[in-house]
Amino acid sequence: MARAIYLLPLVLFMVLATYFAVSLRPNHDIHELPSAMIEKPAPAFDLAGLGASKPLALDGLKGHPFVINFFASWCVPCRIEHPLLMRLAEQNHLPLYGIDYKDKPEDGSHLLATFGDPYRQVGVDRDGRVGLNFGVYGVPETYVVDSTGVIRKRFVGPLNAETVDKELLPLLKHLDQS
Amino acid sequence: MRFLCALMLLVGFAAHAVEPSERLANPALEVRARTISGELRCLVCQNESIDESGADLAHDIRLFVRERLTAGDTDTQTIQAVVNRYGAFVLLKPPVEPATYVLWYGPPILVVAGLVGTFLWLRRRQAASADTVPLSAEETSRLDGLMRENDG
């Protein structure tokens, strides 16, 4: 029984090794934070529309699940996900709504005019207050909201085809059916 | 020398990123805002408080904190409003709750366990040495013989 104590270092090593293996696994960003807003009602907003877009209000979106994407013209990673958003809007008819975060409206409009507009409507969050209410800490961030207005999922950083196919689209499909 | 002084002044100010335009007119509220800001983590830099950080998001949260205080919220309500949005990770000092028990109580428990273990081990060693029977006359003479053999 007293011998068991000599196994302690080995056990501690295994615990640490498992912890590191989990934390350092590929495609896992240790700086990515879990959202505090998951399963909570999305904070209400009523934003002026960007360019020709109608104003964007939370209440107007409820009734169907939808996706909110925070973006900005000054945001470099947003350019990376932009072609994917375009494809999702055209091929998958993704109910995608944009929030132009802390951006000059003319810059946001210019961006969408240049690279295409994947959004059904875009709201202008000039001072970033809506972003703050959502818990946004860097753009792009993408939120999946169900038909009752509850946030179900957040994606931090640019979306990629893999997370869209494996997580975003199945979740939307599931929300659509329920 | 003058350059050096200017540099030191700059370094001194760099620790606080609060811009003059952010400051509240009411000094008591501003002091509370500064205290709260010092306890909130800037999520962009992750190891600076929002009071020290020059990041844009830190600026927004500083303004948010000041707005809440001006609106009459208590310090606790204000901090809770930020935690509701960003999660407990924004608190530089983690709260004591079941999820953080290991964090808070783990180190003291390890120290106590180590002290108790060391004490028990020392006592057992002492007891063992007290039990040692001195060599018998026969053993002593045999040991002397062996020692002499070695010398020769």
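The values are calculated or read from the model by the stated rules, or taken from the named source; none is laboratory data. These figures come from a predicted structure and were not determined experimentally. Heads up, the Cβs are rebuilt from the backbone with ideal geometry, glycines too, and the neighbour counts pull from every protein chain shown.
Checked across the range A:75-88, the condition of being modelled with pLDDT of 95 or more and in contact with a Lys or Arg (Cβ under 8 Å, 6 or more places away or on another chain) holds for no residue. Right, residue B:60: among the acidic types (Asp, Glu), out of contact with any His (no Cβ under 9 Å at 6 or more places or on another chain) and closer than 13 Å to residue A:132 by Cβ or not? Spelling it out, residue B:60 is indeed among the acidic types (Asp, Glu), out of contact with any His (no Cβ under 9 Å at 6 or more places or on another chain) and closer than 13 Å to residue A:132 by Cβ. What number of residues within the range B:20-46 satisfy the criterion of being within 23 Å of residue A:140 (Cα to Cα) and either in contact with a strand residue (DSSP E or B) (Cβ under 8 Å, 6 or more places away or on another chain) or outside the structural domain of residue B:73 (by TED's automatic domain parsing) (or both)? The qualifying residues number 3.
Pairs are defined by a Cβ separation below 6 Å, a sequence spacing of at least 6 or placement on different chains, a first member in the range B:81-96 that is within 13 Å of another protein chain (Cβ to nearest Cβ), and a second member that is outside any loop (DSSP other than H, G, I, E, B) and among the charged types (D, E, K, R); the pairs so defined are B:81/B:68; B:90/B:41. Regarding residue A:17, is this residue under 30 Å from residue B:110 (Cβ atoms) and surrounded by fewer than 15 Cβ atoms within 10 Å (Cβ to Cβ)? Yes, satisfied. Each residue in the range A:17-58 was checked for being within 14 Å of another protein chain (Cβ to nearest Cβ) and either at negative phi or not in a loop (DSSP other than H, G, I, E, B) (or both), and 17 pass.
Take the conditions out of contact with any strand residue (DSSP E or B) (no Cβ under 8 Å at 6 or more places or on another chain) and not in a helix (DSSP H, G or I) and apply them to residue B:133. Does it pass? Spell out the reasoning first.
Values: out of contact with any strand residue (DSSP E or B) (no Cβ under 8 Å at 6 or more places or on another chain): yes; not in a helix (DSSP H, G or I): yes.
Considered against the rule, which asks whether it is out of contact with any strand residue (DSSP E or B) (no Cβ under 8 Å at 6 or more places or on another chain) and not in a helix (DSSP H, G or I), residue B:133 comes out as yes.
State whether one or more residues within the range B:108-128 are within 30 Å of residue A:138 (Cβ to Cβ), basic (Lys, Arg) and more than 24 Å from the chain's Cα centre (by Cα). Show your work before the answer.
Keep residues of the range B:108-128 that are within 30 Å of residue A:138 (Cβ to Cβ), which gives none.
Taking every residue of the range B:108-128 in turn, none turns out to be within 30 Å of residue A:138 (Cβ to Cβ), basic (Lys, Arg) and more than 24 Å from the chain's Cα centre (by Cα).
Out of all the residues in the range B:104-123, which are more than 14 Å from chain A (Cβ to nearest Cβ) and either modelled with pLDDT under 90 or under 30 Å from residue B:46 (Cβ atoms) (or both)? Within the range B:104-123, B:104, B:105, B:107, B:108, B:109, B:111 qualify.
Here B:70, B:76, B:132 are screened, and the one residue that is in the same structural domain as residue B:43 (by TED's automatic domain parsing) and exposed (fewer than 12 other Cβ atoms within 10 Å of the Cβ) is B:76. Those strands (runs of 3 or more DSSP E) of the range A:79-178 in which at least 1 residues are within 14 Å of residue A:67 (Cβ to Cβ) and of a type in the set (D, E, K, R), considering only elements entirely within it, cover A:141-145, A:151-156. Return the total of residues in the range A:108-143 being among the hydrophobic types (A, V, I, L, M, F, W, C) and within 14 Å of chain B (Cβ to nearest Cβ). The number of residues fulfilling the criteria is 5. Considering only residues in the range A:116-154 that are modelled with pLDDT of 95 or more and of a type in the set (Phe, Trp, Tyr), the one that is farthest from the chain's Cα centre (by Cα) turns out to be A:119. If you check A:34, A:55 for being in contact with a Leu (Cβ under 9 Å, 6 or more places away or on another chain), within 23 Å of residue A:136 (Cα to Cα) and surrounded by 10 or more Cβ atoms within 10 Å (Cβ to Cβ), only one passes: A:55.
Please indicate, with yes or no, whether at least one residue in the range B:124-142 is closer than 30 Å to residue A:37 by Cα and either at pLDDT 90 or above or within 13 Å of chain A (Cβ to nearest Cβ) (or both).
Taking the range B:124-142 first, the residues closer than 30 Å to residue A:37 by Cα are none.
No; the residues of the range B:124-142 include none that is closer than 30 Å to residue A:37 by Cα and either at pLDDT 90 or above or within 13 Å of chain A (Cβ to nearest Cβ) (or both).
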